[in-house]
Every structure is written in structure tokens, then in C-alpha cells.
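Just so you know, all these numbers are worked out from the coordinates, no wet-lab data involved. Since this is a predicted model, take the numbers as computed values, not measurements. Here the Cβ positions follow ideal geometry from the backbone for every residue, glycine too, while neighbour counts run over all protein chains shown.
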Amino acid sequence: MPTTPGPVLTVEDLSVQYRPALGPVVDAVRHASLRVDPGELVGLAGESGSGKTTFAQAVLRLLRRPGHVTGGTIRWGDTDVTDLDDDALRPLRWSAVATVFQSSMNALNPVVRVRRVFEDVIAAHDDPDRPTDARERAAELFDLVSVDPRFLDRYPHELSGGMRQRVNLALALALRPRLVLFDEPTTGLDVVVQKSVLDKIRELQARERFGAVLITHDMGTLLDNADRVAVMYEGEVVEDLNTAQAVTTGPRHPYSIHLVGSYAELLGERVPGYTGPEIAEPAEVPRPVAHDPVVQVEDLRRRFTRRRGWRTEHVDAVQGVSFTLREGAVTALVGQSGSGKSTIARVLTRIDVPTSGTVRYLDQEQHRPHDVAALRGAVAAEYRRNVQYVFQDPYSALNPTLTVGYALSRPLANYHHLGRRAALERAADLLEQVGLTPAGRYLGRLPHQLSGGQRQRVVIARALAAEPRLVVADEPIASLDVSIRAEILEVLQSLVADHGVGMLYITHDLLSAATLADDVLVLREGALVESGPAAEVIGDPQADYTRELLDAIPHPFARRTSA
Amino acid sequence: MAYYLRKTGYFVLTLWAAVTLNFVIPRLQPGDPAEIMVRQLSGQGEIDPAQVAAVRAMLGYGDENVLVAYGQYLRQLASGDLGISFTYFPFPVVDVIGKALPWTLVLVGLTQVVSFLLGTLLGALAAWRRNSRFDATISVGSTFVGNLQSVWIGLIVLFVFAYTLGWFPASGGYGYTDPGWTASHVADVVAHGFLPALTLMVTAPIGFILSMRNTMVQVLGEDYIRLAGAAGLRERTVALGYAARNALLPVVTGFALSLGVLMGGSILIESVFDYPGMGRLMGEATANRDFPLMQAILLATIVIVLTANFVVDLIYPLIDPRARRAAA
């Protein structure tokens, strides 16, 4: 098929409404327009709820009731598909527009071999006069995305996350589509894997000349990879940014400025017009100097033994890690998934016990060391109160049937024996400290009535309620929108600055570690590859692995700096 | 392979537990079965202790040590000796059950298989057209019918089809035809079995309908369904090969579990229709305090349900590859 020079996707003035049987009509997309040319990578940015997913579904013509297209046109190549019915659309699907979904985990039918999905898709569109050899084509596609064709005979659950996403990419390219729509294709993947998937997309685009739309809330990825970025805000495309221009002269719309600016701030760059989140900069508050050690970890090892039939296998999840956590200091524990971060957190939370090595807790009064694994009685109670946790997913960390006020007053009653009224007053104070003001408005709410960022603030407030000496924060911002991440980081920072709380910040993201932490520990396959003051580790990494992690961070502003 | 070994191990273990409970429970009950039997045989009046002792010995309730008795019980069980029925004295329990079991197995087995097919099909259809009028009828109707008592349904069915319309015989397993594989006898048996089957069929598919519908509605929200739609696969392929295929997995697990419920339900239904199966036998055994028979029926029911579960366990990895992996 000769490639026509025209755009592969033209969306003009598209509006989508949700009209549920009960409840008010919602305008999810308002007069949005977008154009994609062959070979072009166009980003679609915006936070959750901005309408970008609805927009994508409308473009794919997969919108389900109660969603309705109320205006505008969608053209796949030259064909107006706005009002085509399912039967007329079917032959066009996947050959005009294909897609790669967000969770690579579930995009393949779990009960059949990967090969079957390819065969189904190819057979559904095959020309009976010139049948395609689906076997051969599938193998060819696997080669294209650098996956061994032997994996065609595996089931989806036998593939790793990164590999699965490559397979999805291969599947999207099965019919040589003219446009591929990527919906958050790398969310949930490691930075290193994420980079390799994006590089692959760019490489294939150059070769196959398909246009691409990349939907993500990760501004860094977009600025680094996309040619243009359409910024969506409350259902509207508020700005169609040229990427090169975004990093030089900067965006114009306030929301785009916020998106680009909050990312640039993490990199230590400035964007014209960006003033930062509303919370006052806590960096200016001098940090308390007295750094009493709270927890000392020495030569921690954890070996998991797994029985496979008659054989036993060992996995060394943590191999001789030592560090000290102090009051008023933030230590970041950085590594990819599977590096042993969570195992360390589980040992600190006393869910798990080390195979060898010691974790010692130094008590508040006399700083005597106690072996954490063998804590009993009063010291165990002190440890529980003084070491608190903030979980990754604020959606499941709060009991959905209890109000915020109740969730916060429980630890106050338990640890400080406050009465009901006193506990509620204190809970209100805590909410104000984490930036939920006026607190009265939030006390009576249930978790589902809060946004993700607000929930995480409540989780932080709950950890704070016990007045702990140490907070273990396990990927506290990973499941939040990028524009909220900066704010939550500021809240965490103020905990340390204002309350002298120590923190173990667990993350796969070196960038946020750099902004928050005093010390950084880089973990790989259970062993420390590098540790030291944050500025040194980030500024002058010694280990190759640290450098690899740093390189995987999108840094669009580097172009500006070097130019 | 390890998966199959483990499942076989579980099967043997639960079977052993069931057999042992079957031995223990009667011994914990108050009252002496031998005495009851003698009372039954001799009618009213004085009981001769020697007679009781003789009957006890005959039934295998010796005075020995419990462990010895247990060993003996296991040995008897292995040789297929489950004792003598009181009610059908002097026939061995095994023979009595042997006559009744095929009737129930056919009745319950057939209704179970038909219910499963019908239930999953209706459930899948309701989910595929969710929020349609068809879905609403199926969902609300199922909830309503599912709460009806099967005895009550049985009586209605009996009244309408047997007495008022007179289309089907009201009781028994067969009428005046000679047993054998003749066309007239088979037709007779089918005619007699139809009403009990119909009664069971009213409620038996409900569980399958509801669980199939609900899991399939969930599956329809999965990414691979959206992707199949975006890829332009035919609706039939998506509905059957992608959605129903995945939704079926938990329903299959429910198949064996519901078999036990159905076996229990058949006690009442068989009594209503005077059907010569295990259910009616169980009713008789209970009424007559026929302990050997009750014990044997209980054992047979447990073995059937356990075996059905075992078979499903063995089949499951074939339909869900993820179980194979967990198995390895």
C-alpha cells in the first residue's frame, strides 16, 4: 500500500459526554483537536481525570455507554469513522489504528499461548485470496521487537513485564498499521525497562513510518521522546506544544507551565513562569543537627528457599547490606524491582526476619541497642510507635469504611491514650500539617471521597500521629500523578524539617531521591553497589549501575543546557 | 507432575478423613444400635440381652479395643463389606445401595451436566448483553427462583403435570414394563424420571447463571477484551474464545462443589416423587434408624463428591495454563 502523504489521524473539535442513567452529565472531552502525521510521535499529557483516556477510547471508537460522542469528527487516514457502525469499522480496525494498552499484564488472553492471539488477529483481517502465513508473520514481528520467537509458544504469564510490553508492541504492528496509540505503555515498568521500550518504539517508527500517539502523565518521557505534546486539562487540549520549543521558550498555558515546571524542578532546571507548589519551601528551614541513630542495620542477609519437587533453590534477596537511619535525616534506598528493597522494608517492619546479620533499634531514653527481631514487651511497643510506615498505594492503605477522623484518632488513642475529643482535635492539627485545610472539611470524609494525593496525605498524617522517630516510606509517590508528586515530596520534606523525623525513602526513582534524601543507597540484586551523600552519588556516580539508572531518567533540558 | 501428585495426596487424605469420621461419629451417638435393631425385629416387649449381644456381634460392634475395631472396619471396607441393613434385613448394605445408586447418579448427574451447560450459556449471554432487558430478566428471575424451596416446586410440578394434566407418572422409577434394555422400558424410565429432573432443573442452573454472569461481566472489563475489540476480531470470537473462556474458570470449580448440594437436595425430591434412588433410601434409613445403611449412604455421597472434586482438580490445569505453572 503506498503511503499517502496526508495525516494518519485527524481529530477535529471532538466532544464526548458521559450521560449516566443516574447522576449528572459529564463533559469528559471538550472541543479537542489533534493531528498526527506519518512517522510522528505526538504526546498527550494530562493528569488522571483530564479526559485523555476518554479521548483515546473515542479515537479508537471503543467508547462504551454511557459515553457519547456529541460533536466533531474523527478520521483514520482519509476515512471519516465518527459515525461508522461496528461492521463497517471492523475491516479498518488494527490496520488503520492499532493500540498498546496501559497494563501490559492483562492485554493478552491469559488462557491461550501468545501465538494464538497473533493468529486470531491476523486471521480476522486476512484476505482469503492471499492468505498470510500467521506463524511466519508472528516470528517476524517478534524479531522486530527483539524478542526470541520461541516465546510465541509461551503463555502470557510466563513473560516478564518488559517482554510482555514488547509482545504487545509486536501485536500492534501485526497488520502494519498507520497509527499506533500507546496508552501509558510504560507505567509500572522500571525506569531502565521503560527507556528500552520507548527507544524501541522510536526505532520502529523510523523504520515502519507509522504515526504514534503516546498518552502519559510522565512529562519527562514526553519531552524526551515526542515531537509534539498536546496538553489536556479538564477535557480540553489547552496547548499543542512543540517539544523543542517547550524546553527553550517554555509553554504558555498555566497548566502546561505547571506540568513542565514541576518536572524541570526535579531536575534542578527553571521554566519561565513556574512558581512551584503553594506550600512554602521547607528547604530554607534549617534542619536539626542532632542526628541520633534510630535503627542500625548491619550485614543484613535474607535468603529465600524454595522447594521445587525434590530440589531446593535459594534466592539471596538481600546480601550483606549495612546502613544507619538517623532522626532528622532522609536515607533513600534506590533500586529496580527485584533488587531487595521490599525485603529490607519487610524486615524493618518485623514482617520478616533476617537470615543473618542484625537490625538494631536504639531506644529513645538511653540509646541502648536492641535486636529488632527479638523485641519484647515495652521496647517492642516503643518500636511499633516510633517506626511508622507510609505505603505505596494510598487506595488500599486506608480502610474504605472508616472516616479520616477515625483513621487518625485510632493511633492517637492507642499510643497517646487521648480521649475522643482530644484525639479529634489532634487529628485536625495533623491534617493541617500535611496541607489538608481546613481540616474540618476532611475529618468526616471517607477515603473514596478523596483524591489520590489527598489520600496519601492522610496516610502520612496517620504515620505522623504516633509522633514517630522514623518513617519508612515505600514508594510513596509511585502511584500518584506527576503534578501531585512534587507536593507530596514537599510534605515529606517538611516532616523531616519540622519534626525531626528520620526517614527511609524507598524508591526506584533516583530523581526524587535526589531532591529528598541526605544519603542514597543504591541497591542491585540484594547488594549495595553505591552509597553516600545524595549530592555525591547523583552528581558523581561511581558504579556503572548508578550511571545506568541516571541515564534512564528522561532529561529533555540537557539539550537546552548543552546548546 | 508435582501438581498431580499433590492433588492425589489431598484426595487420599480427605478420603481417609471421611472414612474415619464415618467410623467415629456413630460411636459418639447415644443409644445402642444393636438394641434398637432387636427392638425393631421383636416388636414390643422384653429384650433378651443375649439376643442383643448376638446382633451386636453380627453387626461387627464387638467389645474390643477401638483401634482393633477401627482396623477391622477398614479391612471390611476394603473388601466392600459395609454391614447388613436393618430395614432390608438380611440384605447387605452394599446390595441395597447398589440398586439405588444408578438411579440417583443418572438423575443428579444428568441434571447437573445440563444445568451447567444451560447455566453458563445463559449467564454468558446475559453478561455479553449486560443491562439489556434479557440480562435484567435473567438476573432478577434467577434471584427469585433461586430462593424457592425445591420441595415446594416438586409439589407444584407433581400437581400440575401428574395429577391435573396427567402427562407423566406421579411416582416410582418405572411402571409395569419388564426391566431390560427394551425400548418400552427405557421410555418408561425416562417418563418416570422426567418430573424429578424437571424439579431439580428449576433451581440447579441458578448458581451457574449468576456466577457465570458476574465473572464474565468482570472479565469483559479486562484489557484483552478491549484489545480484541480494537483489533477488529469477530464478536463471536471475542465473546466465546476470549470472554466466556476466561469467565468459565471459577465456574468449573463451582461445578464439583454444587454436586454435593444437589445430592443433598435430591433427598427431598426423591421422597416427593417416591423415586427409588439414594435420596429416598436415605430418608428411609433415617426414619428406621438403620445405622449401617445411613453410614454407607453418607460414605457413598462423600466419596462421589470428593471424586468429582478430584476430577475437576485434574482437569483444571488443562483449561487454565496458570495453574500448570503454579503446579510446577
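Net charge in the neighbourhood of A:Val11 (other residues with Cβ under 15 Å of its Cβ; Lys, Arg +1, Asp, Glu -1) is -2.
Structure remark: mean-square fluctuation, Gaussian network model of chain B, C-alpha springs under 10 Å; the largest value among B:Ile156, B:Ile209, B:Ile269 belongs to B:Ile156. Take the Cα of B:Leu121, go 7 Å toward its beta carbon, and the backbone nitrogen atoms of region B:212-249 under 20 Å from that spot belong to B:212-217, B:235-249. Per-residue packing, averaged as other Cβ atoms within 10 Å, sorts the ranges A:160-170, A:348-358, B:138-148 into the order A:160-170, A:348-358, B:138-148, beginning with the highest. Residues whose amide H comes within less than 5 Å of that of A:Gly43, counting only those at least five positions distant or on another chain, are A:Leu214, A:Asp227, A:Arg228, A:Val229, A:Ala230 (H built at 1.01 Å from N in the peptide plane). Cα centroids of region A:111-165 and region A:312-342: 38 Å apart.
I'd like the mean, over residues of B:110-119, of how many other protein chain beta carbons sit within 10 Å of each residue's own Cβ.
The shielding value for this peptide is 0.
Between A:Ile74, A:Ser50, A:Gln165, the Cα set farthest toward the positive side of the dipole of region A:9-267 (charges on each charged residue's Cβ, about the Cα centre) is that of A:Gln165. In this structure, A:Asp551 and B:Leu110 have a Cβ-Cβ separation that, at R0 = 51 Å, corresponds to a calculated FRET efficiency of about 0.15.
FRET efficiency for the B:Ala54 to B:Ala187 pair, using the beta carbon distance and R₀ = 56 Å, is estimated at 0.70. Mean sequence separation of contacting Cα pairs (under 8 Å, at least six apart), scaled by the length of chain A, corresponds to a relative contact order of 14 percent. For the protein assembly as shown, the percent of C-alpha pairs falling in each 10 Å distance bin, counted from 0 to the bin holding the largest distance, reads 2, 9, 15, 17, 17, 15, 11, 8, 4, 1, 0, 0. Shape analysis of region B:94-327 yields a ratio of the Cα radius of gyration to the Kirkwood radius, Rg/Rh, of 1.04. The 3J(HN,Hα) values that the Karplus relation (6.51, -1.76, 1.60; θ = phi - 60°) gives for region A:64-72 are, in residue order, 10, 4, x, x, 9, 7, 9, x, x Hz. Gly and Pro appear as x. Partner shielding of B:2-9 amounts to 1, given as the average count of beta-carbon atoms from other chains within 10 Å of each residue beta-carbon.
The residue list A:Pro7, A:Leu549, A:Val390 was ranked by how far each Cα lies along the charge dipole of the protein assembly as shown toward its positive end, using unit charges on Cβ atoms, and A:Val390 comes out on top. The calculated FRET efficiency for the pair B:Val12 and A:Arg19, based on their C-beta separation and a Förster distance of 41 Å, comes to about 0.10.
When each of the peptides A:196-206, A:359-369 is scored by the mean number of other C-beta atoms lying within 10 Å of its residues, the order from highest to lowest reads A:196-206, A:359-369. The order of the peptides B:182-193, B:96-107 by mean Cβ neighbours within 10 Å, most packed first, is B:96-107, B:182-193.
Length gained on full extension, A:Tyr395 to A:Asp143: 86.8 nm, using 0.36 nm per residue less the C-alpha separation.
Averaged over peptide A:115-127, the number of partner chain Cβ atoms lying within 10 Å of each residue's Cβ comes to 3. For the protein assembly as shown, the tally of Lys pairs with Cα-Cα distances below 30 Å comes to 4, considering only residues 8 or more apart or on different chains.
Of the DSSP H helices in chain B, those that are both long (alpha-carbon extent of 20 Å or more along the helix axis) and hydrophobic (Kyte-Doolittle mean at least -0.5) are B:2-28, B:93-128, B:183-220, B:245-273, B:291-319.
Modelled label positions at A:Thr79 and B:Val68, each set 7 Å beyond Cα in the direction of Cβ, lie 8.8 nm from each other.
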